[in-house]
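In what follows, a structure is listed as structure tokens, so that the remarks can point back to it.
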Amino acid sequence: MGGIMESTIKKLNCHLFRTCGKYYVYDVPKNVILKVNRDTYNEIKELSAAEQCEYRGNNEIIKELQNEGYLSSQYIEMIEHPMTRNIESALGNSVHMLTLQVTQNCNLRCKYCVYSGSYINRKHNNKRMSFETAKKAIDYYILHSSQMPKLRFGFYGGEPTLEMELIRKCVSYINGCSLGKPVEYNLTTNATILNKDIVQFFIDNQFYLTISLDGSKKIQDKNRVYAESGKGTFDKVIENIGWLRKDFPDFLQRVHFNMVMDPVDGYRDSNEFFMRDERVKGIEVNASQKNDVNYKEEIVKAPEYYMNRSYEQFKVIFNYYRDIEEDVSPLVNGYLGGIKNNIADMLKGDESGYKIGHPGGPCVPGLQRLFVNADGNFYPCERTNEDSKMMIIGDVEQGIDIDKAKTLLNVGKISENVCKKCWAFRFCTSCAVYAEDRDKLSVEKRLSRCDSIRSAVETNFREYCILKELKMDFEELEETD
């Protein structure tokens, strides 16, 4: 690195953090984390606090870093998602998956469900998708996925197994017009009305099955209850899993559980259940948190929740270095893979000049999981609010509205003055779903999550740096996770 340099710094575009006695600087334009000593860290911290300053100190490390292009005042000049100019081609040829909402009805009334009444403008009703609507959606998807190696379909509700006749007709139609491509089917169910005939149909058609199960009887029956009686569903679900294990053991490889964390007292209970109970042990678990989009009340997590989760994450790291797999919680099985995917793989040096970009978060609306509701309207994915006109990106008659999709893709434009200055720009997880406010995109709603996002990113940075200090090979993780 070079010699002495004096540089005028308007406002350093970097973020400083510490962990385990180590000192780090995240250089935003270069998209790299630099390890520095304490004195350098403190000098950079002083510079970062100034709106405008001229570095005239004697710290050779800072001078050399600046000579190499680090510690600059370069900020994004224009907000534009990199897929903006290619969106029409992508949506015309490479739609990854189609999800059909075959019904909005459900035989349960789970208290955290987006249709439970606990969310703004979303409630269960008896609306169901017609076969004609389903056919039009299927035809559209097949036509617009020509570049994909296989066709992927999901069936969604409500409770989709209430509409098995429609699902059977859809599968028969798809199999007849799949153009020789392999077909993959996915269905998420509460498993209360599963029977052997339905399961055999799933096996015959290579379905992947997701069963919603939150944990022990105490946890499951707290939230997942029948619509008519209000009684808990644990006993019925476990009964059905029992004969599924006994009569269709090979199918279990294509089955996994989806559990929603109880934010108050459910983590330890559910963790012990999925780790120890022989009725469910060994089946993959996808652990998710209660959806906070448009939830009417604040979701508060007890301190024990974070403590219990952190302990299980520590065990994952401990077991990795001991090369053992005993007592690894299925609820945090993807922990290391998440750090790899969300941090390690994204920390790639950037020599582009950092002039044009878009905060991370938005995927191309409809490209990954085009969602079609019972009325035939298109949405970016199943997480969107179906009652918001802002989230409708087309329908089975007219196809996808490219201009509407571009607007949602570039949601960062509504808050660009704030986003351009944010050190977590690349690692933002906020898409248009979090800015939707009835029939418009709200700056206030979008920015309301910024502090929590930055906090999560900094936590992930710390975890990543600790693991790097411990010589973790993230490339090796790609092969094992």
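Quick look at the values:
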read-out	value
Dipole in debye (nearest 20) - segment 354-481, about Cα centre, beta carbon charges: Lys, Arg +1; Asp, Glu -1	800
Estimated 222 nm signal from helices in the chain, with DSSP H stretches of n ≥ 4 weighted -39500 (n - 2.57), rounded to 500	-10000 deg cm²/dmol
log₁₀ of I(q)/I(0) at q = 0.09, 0.16 Å⁻¹ - segment 162-301, Debye sum with one point per alpha carbon	-0.32, -0.92
Radius, Kirkwood style, for segment 297-420 when every pair of distinct Cα atoms is counted (Å)	18.5
Distant-in-sequence amide H partners of Val32 (H built 1.01 Å from N, under 5 Å)	Asp27
Accessible surface ranking that places the most exposed of Tyr140, Tyr321, Tyr226, Tyr26 first, with a 1.4 angstrom probe	Tyr321, Tyr226, Tyr140, Tyr26
Carbon and sulfur %, accessible surface of the chain computed with the full protein complex present, 1.4 Å	47
Sequence-distant residues sharing a close amide H with Phe257 (under 5 Å, placed H)	Ile211, Glu284, Val285, Asn286
Selection from Gln104, Ala90, Pro29 lying farthest towards where the dipole of the chain points positive, charges on Cβ	Gln104
Overall Cα dimensions of segment 358-422, principal axis frame, Å, largest first	41, 21, 20
Segment 219-284 - convex hull of alpha carbons, volume per residue in Å³	95
Span-like helix ranges in the chain, DSSP H, alpha carbon extent 27 angstrom or more, Kyte mean at least -0.5	450-469
Gyration tensor over alpha-carbon atoms, segment 363-481, equivalent ellipsoid semi-axes in Å	33, 20, 11
For the chain, diffusion coefficient by Stokes-Einstein and Kirkwood Rh (Cα), 25 °C, 0.890 mPa s, µm²/s	99
Over segment 124-207, volume per residue of the alpha carbon convex hull, in Å³	98
Solvent accessible area, Å² - Cys110, 1.4 Å probe, full protein context	10
Residue-normalised accessible area of the chain, given per residue in Å² at a 1.4 Å probe	48
The chain: antiparallel DSSP beta bridges as a percent of all, rounded to 5	50
Check: the chain dipole with +1 on Lys, Arg Cβ and -1 on Asp, Glu Cβ, in debye	800
Residues with amide H under 5 Å from that of Glu436, placed H, sequence gap 5 or more	Ser442
Environment charge at Cys177 (Cβ cut-off 14 Å; Lys +1, Arg +1, Asp -1, Glu -1)	+3
Taking the chain and dividing mean pair separation by its residue count, relative contact order in percent (alpha carbons under 8 Å, at least six apart)	18
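The values are calculated or read from the model by the stated rules, or taken from the named source; none is laboratory data. It should be emphasised that the depicted structure is a prediction, and the values quoted were computed from it without experimental measurement. Virtual Cβ from ideal backbone geometry, glycine too; neighbours counted across all protein chains shown. Quick note on the areas: whole protein, heavy atoms, side chains included, nothing else; ligands and nucleic acids left out. Shrake-Rupley method; radii C 1.70, N 1.55, O 1.52, S 1.80 Å.
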